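Just below is one structure, and these are the notes that go with it.
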Amino acid sequence: MVFSAVADDKPAPTEPPQSVETRHSVTLGNHSLDYRAIAETIGITDQKGEPTASIFTVSYLAEPAAGERRPVAFVFNGGPGAASVFLHLGALGPRILDTPATGAVPPPPVALVDNPSTWLAFTDLVFVDPVGTGFSRGKGKEDNPDKPFWNVQSDVNSLGAVVRRWLTRHQRWTSPVYLVGESYGGYRAAAMARSLPRDVGVTVSGLVLVSPALDMEILHPDISNTLAPAFRLPSFAATAAALGGHPATGEAIGDAERFALTDYQTGLAALKGVPAPGDPFIARLAQLIGLPEEVVRRARGRVSGHLFARELRRGQSEVLSQYDATVTRPGAADPENDNAGDPVLDASVGSYTAAFATYAADALGYHTEQPYRVLPHEVSRQWNWDSGHEGGALGLPLSALENTLLAHPETRLLVVNGRYDLVTPYLSSRWLIDQMSVPAAVRAGIRVRVYEGGHMMYMRSASRAALATDAAELFAPETGGSRK
């Protein structure tokens with residue numbers, strides 16, 4: 001890759017610069033793609049015109065080929081409280097973190113390489129860091145000016161304002177608009193698909209939801225919720241098989257999915273107290289997911305991702321990642337007091353922070369002494385969910401998706417998950433999408449895919465390529481291709 005900086009080489013300021021543009025080239029297959037990268041802050045204001053926040057974005061813009069209509073995709077990560085760097089330098093951007101085929105986080109020093117699966121091949125990209133993440137900051141008079149944005153509705157409103165201002169600034173109002181969101185970013189993208197036409201005047205052409213958190217009750221279920229623990233069972237079974245050296249067949253995966261949604265439901269509902277040793281339901285479950293019967297019995301059949309990650313390889317003194325359960329690390333002698341963190345999520349924060357710090361300065365020519373906040377925990381700890389309880393029985397994101405597909409049935413939707421993700425398991429996405437009341441003709445246009453890997457399945461090159469291929473198909477009507 002080659003690039004030439006447009007900005008002057010000046011000492012690093014304390015405040016981030018408003019805009020820096022650089023020019024680059026990346027080789028894709030047998031041709032070279034030239035593009036502009038624009039790192040900039042976009043200000044938003046209140047109804048009185050007073051500044052309320054400065055939101056950092058990185059845009060990649062390529063010149064359209066003859067007869068091509070370039071769409072623009074706005075990209076968000078999740079958390080809430082995650083910067084967009086995971087999708088930016090992990091999957092979609094022209095440069096990505098060099099990761100091993102296993103999906104594990106590489107040890108330092110980190111290295112960036114050209115991305116042969118960059119989505120810039122078929123769409124322009126805008127990576128957006130919500131307030132409190134990346135270089136994005138609140139501008140109010142509160143003790144913590146970021147906090148007013150840390151709730152569902154303010155988050156959606158502020159990001160809608162960014163979409164509007166970006167389209168205006170770059171004169172792209174005639175471009176097809178897509179939304180891409182990972183994890184909680186899938187939640188916000190779904191909500192924005194409904195709010196953008198009403199509040200901003202933008203009708204979304206399509207959405208790509210990566211490991212989406214479409215129902216927060218699944219992440220933190222109460223005792224009456226029997227579906228939440230069921231959704232993880234096929235991922236548990238697939239993980240146990242993979243780590244045992246014999247990846248599960250399609251038939252075995254199908255059996256696990258059917259058990260999770262049928263016999264597991266009735267067996268769990270019928271339990272009274274702690275089952276007796278030798279209980280046939282507990283025995284069947286333990287055999288399916290590879291855990292000792294005693295562990296499953298004490299959990300009363302409700303095996304959490306945390307318990308599974310701690311117990312499956314306990315005999316080998318290993319702890320699994322809940323974000324890709326096939327990735328392990330050494331465990332403490334006493335698993336109850338193991339505080340070394342998740343081997344994928346916690347390890348990736350440091351790697352992506354270092355990678356972006358280098359990339360921003362060296363490639364984007366963006367210099368600031370402000371820290372780039374990849375995953376500040378105070379955002380999720382202080383997040384206000386009150387305005388997220390809309391949407392009736394479906395909840396806000398699913399209700400928003402359903403209404404979007406009914407109002408605009410031409411909207412395209414791709415939902416992708418990793419097979420070994422214990423946080424937002426793939427079966428939950430499939431089941432939740434099935435709950436939307438949309439006509440068969442509309443449902444036929446929804447794509448649901450499962451790849452090898454975990455929550456960030458794109459950290460495996462093969463899954464990253466598969467994701468790009470499926471996304472390119474989704475974007476094909478805009479770029480002159482055919483829709484399968």
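Quick check, is T174 among the hydroxyl-bearing types (S, T, Y) and either within 11 Å of A53 (Cβ to Cβ) or part of a loop (DSSP other than H, G, I, E, B) (or both)? Considered against the rule, which asks whether it is among the hydroxyl-bearing types (S, T, Y) and either within 11 Å of A53 (Cβ to Cβ) or part of a loop (DSSP other than H, G, I, E, B) (or both), T174 comes out as yes.
Taken over segment 102-129, the criterion of being of a type outside the set (A, V, I, L, M, F, W, C), modelled with pLDDT of 95 or more and open to solvent by less than 10 Å² (accessible area, probe 1.4 Å) is satisfied by N115, T118, T123, D124, D129. Looking at this structure, is R194 touching a Leu at 6+ places or on another chain (Cβ under 9 Å), in a helix (DSSP H, G or I), under 18 Å from I42 (Cβ atoms) and open to solvent by 40 Å² or more (accessible area, probe 1.4 Å)? When the stated conditions are applied, R194 does not pass them. Filtered by the rule that a residue be without any contact (Cβ under 8 Å) to a residue 24 or more places away in the chain and open to solvent by less than 50 Å² (accessible area, probe 1.4 Å), segment 298-310 gives A299, L307.
At least 3 residues that are open to solvent by less than 40 Å² (accessible area, probe 1.4 Å) and under 30 Å from T102 (Cβ atoms) in each: list the helices (runs of 4 or more DSSP H) lying fully within segment 214-269 that qualify. Before you say what the answer is, go through the steps one by one.
Details: elements: 216-219, 227-243, 250-261.
So the answer is 227-243, 250-261.
Filtering segment 201-213 to residues that are surrounded by fewer than 20 Cβ atoms within 10 Å (Cβ to Cβ) and either among the hydroxyl-bearing types (S, T, Y) or in contact with a Pro (Cβ under 6 Å, 6 or more places away or on another chain) (or both) leaves only T203. Does at least one position in segment 328-335 carry a residue that is open to solvent by 50 Å² or more (accessible area, probe 1.4 Å), of a type in the set (K, R) and at pLDDT 95 or above? The answer is no; no qualifying residue exists. The set of residues from segment 250-264 being closer than 21 Å to R419 by Cα, free of Cβ contacts under 8 Å to residues at least 40 places away in the same chain and of a type outside the set (V, I, T) comprises G250, E251, A252, G254, D255, A256, R258, F259, Y264.
Taking every residue in segment 373-394 that is open to solvent by 70 Å² or more (accessible area, probe 1.4 Å) and pairing it with any residue that is polar (S, T, N, Q) and at pLDDT 90 or above, at least 6 positions away or on another chain, the pairs with Cβ-Cβ distances below 9 Å are Q382/N144; W385/N151; D386/N151; D386/Q153; E390/Q153; E390/S399; A393/S399; A393/Q435. State whether the residues of segment 208-217 include one that is at pLDDT below 95, over 30 Å from T123 (Cβ atoms) and of a type outside the set (F, W, Y). The answer is yes; a qualifying residue exists.
The values are calculated or read from the model by the stated rules, or taken from the named source; none is laboratory data. From a predicted model like this one, the values you see are computed outputs, not experimental measurements. When we count neighbours, we look across all protein chains shown, and the Cβ atoms used for this are built from the backbone with ideal geometry, even at glycine. Just the protein is used for accessible areas: all its heavy atoms, side chains included, with ligands, DNA and RNA removed. Shrake-Rupley method; radii C 1.70, N 1.55, O 1.52, S 1.80 Å.
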